[in-house]
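This report refers to the structure that appears directly beneath it.
The values are calculated or read from the model by the stated rules, or taken from the named source; none is laboratory data. Note that the structure is predicted; figures quoted are calculated from it, not measured. Cβ: placed from backbone, ideal geometry, glycine included. Neighbour counts: every protein chain shown.
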Amino acid sequence: MSGRTPNQKAWWLVMPVVLLVAFNAVIPLMTVVNYSVQETFGDNQFFFEGVTWFEQILHSSRFHDALERQLLFTAIVLAIEVPLGVAIALAMPRSGAWSSVCLVLMAMPLLIPWNVVGAMWNIFALPDIGLLGHSLNALGFDYNFTRQPLAAWSTLVAMDVWHWTSLVVLLAYAGLSAIPTAFYQAAKIDGASAWAVFCYIQLPKMKRVLMIAVLLRFMDSFMIYTEAIVLTGGGPGNSTSLLSIDLVKIALGQFDLGPAAAMSLIYFLIILLLSWVFYAVMTRDEAQS
Amino acid sequence: MARISLKNLRHSYRPVPSAESDWALKRFEMTFPDGSANALLGPSGCGKTTLLNVISGLLKPSEGSVWFDDRDVTLLPPDARQIAQVFQFPVVYDTMSVYDNLAFPLRNRGVAGNEVDRRVREIAEMLDLGDMLDRKASGLTADGKQKISLGRGLVRSDVNVIMFDEPLTVIDPELKWRLRSKLKELHRRLGITMIYVTHDQTEALTFADSVVVMNDGQVVQAGTPVDLFERPQHTFVGHFIGSPGMNLLPATFDGGVARFAGHALRLGANPATVPAGAELQIGVRPEFVSFAGSGIPVSIEKVADAGRFRVVETRHGEFSIRLLVGEDMPLPSESAFLQFDAAFTYLYADGWRQGGEPG
């Protein structure tokens, strides 16, 4: 028996955060959930539809195609950016003035607004006046990313690699810098080759930052929108219509709010699931030891 | 196994050293006999790790040469010198098992599989790692990891010297003692030349047959633990080694007699002359000071009990003199006098001991 009444005023201190999270996350997400189970013909009239939209999306070949394109795109950029980023980080000087110069150069692409990146690459790749497009054609390659799906894909991948490899480089570089010199000295004394040093010292010590790098690059590349829409607009045809581009077409182009909402939720769950799988696979070894 | 000689060695981390203080390692010569246990002792930043890295080949000295037996190895990289080194922080290859860690240096050198297996098991047994061979090295405690680092040196049958760079820094106190006696045992058993860097005098004095004391990039004395204790070459050795350190008192010297505050003192080694203008000091360890019926009059300031003996701090004018007194010896109540044991009382000029060897 304390005889005291509990003071509930502390709840007021939590309120700002609760409101903030509610307005920027919970309420918008619940709005989407709300839309995903209803049909509308405009004029703010809604009819309950249940899981119809989910069934429709999951069975639609349009969604399957977009998902396949998305998975392929993410797989390609991860397969290029992670090894390339690690290789660049290994090649960068570890100390001295040049290391700062390299770091600044590496950070540059990350500082450019995403739509500017798209616009830059669009102009850069234009077959008639762009430096890249014009040069390729002058060299005898038939290159036109506005008409050839393969050219559009290559340009899109090149742009993403240019824009985002730096992130992997910076993370890998941070991981490498954290390795004490004694490890390299011991390896030298043990007669380890450069490849053995990479396999048994650098790679294991970089594991954690690389995990972060892979997760970030996976999520970002899976949600890519701005750069791609500015560069190719999803074309030619639907060849570069990645999930987010397709989603915006459905939601704002066709104003099919219900199917678009259902698709966003499925899209969100796929990212969540795949991120979890990545994380679980990559941390499996640590859990064992 | 090899005898290691350092000839005319000097090192600076600056490309163009100008001032004397630019040298991380000042010029010196030294030989570590084959099969000896040596320690490099000194405070942080005294150049002992620099010296170690010069011997191991991780650092190329600015001047001078390094010899293993009759071979000049100054320009050889570490892996060509057949040395092993244990670092301050345990270095293990995290993704490998204990077995693979130990086998790594042998496999890199193309040793045959069954020979690798034999050596790894033999060394693991020696280091009490026998039952952990299949475990991942990353899961071991700090002392286990440090044993692996040491084991990677021991497995190689061709090792010239094993070097230790403050290897017990991250080990728990009670395990420190065990690992240290293990090292001592391995040295006796294998007879490999060992060089042990530390700033801890207990570690150095208990491990090594010969201790090299360094200060400020300079070798101040190299000798047995007894030498360092009884005949400090430099006042630095006097106060760095021993607990409490040596008493250092201002002195004068004329007519062949050293005096402290007007009291003439007999010395262990009598110099004929001393450098003009040098700062003179009398050095005597607290162990060699005793109360007597006459001598230097002092007052007793403080008595600290250290178990088997007491540390007594006395004062003569502005100078404090410490001495050790046995636990059951009575202390004089008033008008105390001190006597210095002449055989262990030395005169130092600008820090360096004057006069030849006592005897």
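Looking at this structure, is residue A:121 among the aromatic types (Phe, Trp, Tyr) and surrounded by fewer than 18 Cβ atoms within 10 Å (Cβ to Cβ)? So residue A:121 does not fit the description; no.
Rundown of residues vs (1) facing chain B (nearest Cβ under 8 Å); (2) in a helix (DSSP H, G or I); (3) surrounded by fewer than 21 Cβ atoms within 10 Å (Cβ to Cβ); (4) among the charged types (D, E, K, R), yes/no style:
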position: A:171; (1), (2), (3), (4): no, yes, no, no
position: A:174; (1), (2), (3), (4): no, yes, yes, no
position: A:192; (1), (2), (3), (4): yes, no, no, no
position: A:209; (1), (2), (3), (4): no, yes, yes, no
position: A:215; (1), (2), (3), (4): no, yes, yes, no
position: A:227; (1), (2), (3), (4): no, yes, no, yes
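Among the conditions (1) of a type outside the set (Gly, Ala, Ser); (2) surrounded by fewer than 20 Cβ atoms within 10 Å (Cβ to Cβ); (3) under 28 Å from residue B:82 (Cβ atoms), the only one that residue B:279 does not satisfy is (3).
Among the numbered conditions (1) within 14 Å of another protein chain (Cβ to nearest Cβ); (2) not β-branched (Val, Ile, Thr); (3) not in a strand (DSSP E or B), the only one that residue B:163 does not meet is (3). Is it fair to say residue B:301 is of a type outside the set (S, T, N, Q) and without any contact (Cβ under 8 Å) to a residue 12 or more places away in the chain? No; evaluated as a whole, the condition is false for this residue.
Please go through the stretch A:217-234 and give me each residue that is more than 19 Å from residue A:80 (Cα to Cα) and touching a helix residue (DSSP H, G or I) at 6+ places or on another chain (Cβ under 7 Å), ordered by number. If you could, list the steps in order and put the result at the bottom.
First, pick out the residues of the stretch A:217-234 that are more than 19 Å from residue A:80 (Cα to Cα): A:225-226, A:229-234.
Listed by number, the residues that qualify are A:225, A:226, A:229, A:230, A:231, A:232, A:234.
Scanning the stretch B:61-118 for residues that are within 12 Å of chain A (Cβ to nearest Cβ) and hydroxyl-bearing (Ser, Thr, Tyr) gives B:93, B:95, B:97.
Being touching a strand residue (DSSP E or B) at 6+ places or on another chain (Cβ under 9 Å) and either within 30 Å of residue B:104 (Cα to Cα) or free of Cβ contacts under 8 Å to residues at least 24 places away in the same chain (or both) is a property that does not hold for residue A:202. Among the conditions (1) more than 20 Å from residue B:242 (Cβ to Cβ); (2) within 26 Å of the chain's Cα centre (by Cα), residue B:353 misses just one, which is (1).
Listed here are the residues, each with its yes/no results for (1) within 28 Å of residue B:39 (Cβ to Cβ); (2) modelled with pLDDT under 85; (3) among the acidic types (Asp, Glu).
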residue: B:83; (1), (2), (3): yes, no, no
residue: B:86; (1), (2), (3): yes, no, no
residue: B:92; (1), (2), (3): yes, no, no
residue: B:96; (1), (2), (3): no, no, no
residue: B:105; (1), (2), (3): yes, no, no
residue: B:117; (1), (2), (3): no, no, yes
residue: B:122; (1), (2), (3): yes, no, yes
residue: B:135; (1), (2), (3): no, no, no
residue: B:139; (1), (2), (3): no, yes, no
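Of the residues in the stretch B:290-311, at least one is at pLDDT below 90, in contact with a strand residue (DSSP E or B) (Cβ under 8 Å, 6 or more places away or on another chain) and within 19 Å of residue B:231 (Cα to Cα). Annotation note: Cβ proximity below 8 Å between a residue of the stretch B:129-140 that is within 17 Å of residue A:205 (Cβ to Cβ) and assigned to a helix (DSSP H, G or I) and a residue that is of a type in the set (S, T, N, Q) and modelled with pLDDT under 85 (sequence gap 6+ or interchain) occurs for B:138/A:289; B:139/A:289. Assessment of the stretch B:105-117 against the conditions (outside any strand (DSSP E or B), touching a residue at least 60 places away in the same chain (Cβ under 8 Å) and among the aliphatic types (A, V, I, L, M)) yields no matching residue.
Residue B:7 passes every criterion in (1) surrounded by 17 or more Cβ atoms within 10 Å (Cβ to Cβ); (2) touching a residue at least 12 places away in the same chain (Cβ under 8 Å) apart from (1). For the stretch B:46-81, residues that are in contact with an Asp or Glu (Cβ under 9 Å, 6 or more places away or on another chain) and within 17 Å of residue B:216 (Cα to Cα) total 6. For the stretch A:194-204, the candidate set comprises residues that are surrounded by 20 or more Cβ atoms within 10 Å (Cβ to Cβ) and under 17 Å from residue B:90 (Cβ atoms); within that set, the residue that is farthest from the other protein chains (Cβ to nearest Cβ) is A:201. Among the residues of the stretch B:282-318, just one is assigned to a loop (DSSP other than H, G, I, E, B), out of contact with any Leu (no Cβ under 7 Å at 6 or more places or on another chain) and surrounded by 15 or more Cβ atoms within 10 Å (Cβ to Cβ), namely B:285. Taken as a whole, the stretch A:91-100 holds at least one residue that is over 30 Å from residue A:152 (Cα atoms) and basic (Lys, Arg).
Here's the yes/no breakdown for (1) of a type outside the set (S, T, N, Q); (2) in the same structural domain as residue B:200 (by TED's automatic domain parsing); (3) crowded, with 23+ Cβ neighbours inside 10 Å:
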| position | (1), (2), (3) |
| --- | --- |
| B:59 | yes, yes, no |
| B:64 | yes, yes, no |
| B:94 | yes, yes, no |
| B:110 | yes, yes, no |
| B:141 | no, yes, no |
| B:163 | yes, yes, yes |
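Among the candidates B:323, B:228, B:248, which residue alone is in a strand (DSSP E or B) and under 24 Å from the mean Cα position of the chain (by Cα)? I'd like the intermediate steps shown before the answer.
Details: B:323 fails: under 24 Å from the mean Cα position of the chain (by Cα); B:228 fails: in a strand (DSSP E or B).
Just a single option satisfies the conditions, and that option is B:248.
With the structure loaded, tell me whether residue A:185 is in contact with a strand residue (DSSP E or B) (Cβ under 8 Å, 6 or more places away or on another chain) and within 14 Å of chain B (Cβ to nearest Cβ) or whether it fails that test. For residue A:185, the condition - in contact with a strand residue (DSSP E or B) (Cβ under 8 Å, 6 or more places away or on another chain) and within 14 Å of chain B (Cβ to nearest Cβ) - is met.
For the stretch A:19-60, the set of residues classified as among the β-branched types (Val, Ile, Thr) and on the phi > 0 side of the Ramachandran plot is empty.
Residue B:170 meets the conditions (1) at pLDDT below 85; (2) part of a loop (DSSP other than H, G, I, E, B); (3) under 18 Å from the mean Cα position of the chain (by Cα) in every case but one. The failed one is (3).
Selection of first residues in the stretch A:209-230 that are on the phi > 0 side of the Ramachandran plot and of second residues that are surrounded by fewer than 20 Cβ atoms within 10 Å (Cβ to Cβ), restricted to Cβ pairs under 7 Å at least 6 apart or on distinct chains, gives an empty result.
So which of B:175, B:179, B:183 is in contact with a strand residue (DSSP E or B) (Cβ under 8 Å, 6 or more places away or on another chain), assigned to a helix (DSSP H, G or I) and either of a type in the set (Val, Ile, Thr) or more than 30 Å from residue A:207 (Cα to Cα) (or both)? Break it down into steps so the answer makes sense when it comes.
Details: B:175 fails: in contact with a strand residue (DSSP E or B) (Cβ under 8 Å, 6 or more places away or on another chain); B:179 fails: in contact with a strand residue (DSSP E or B) (Cβ under 8 Å, 6 or more places away or on another chain).
From the options B:175, B:179, B:183, the qualifying one is B:183.
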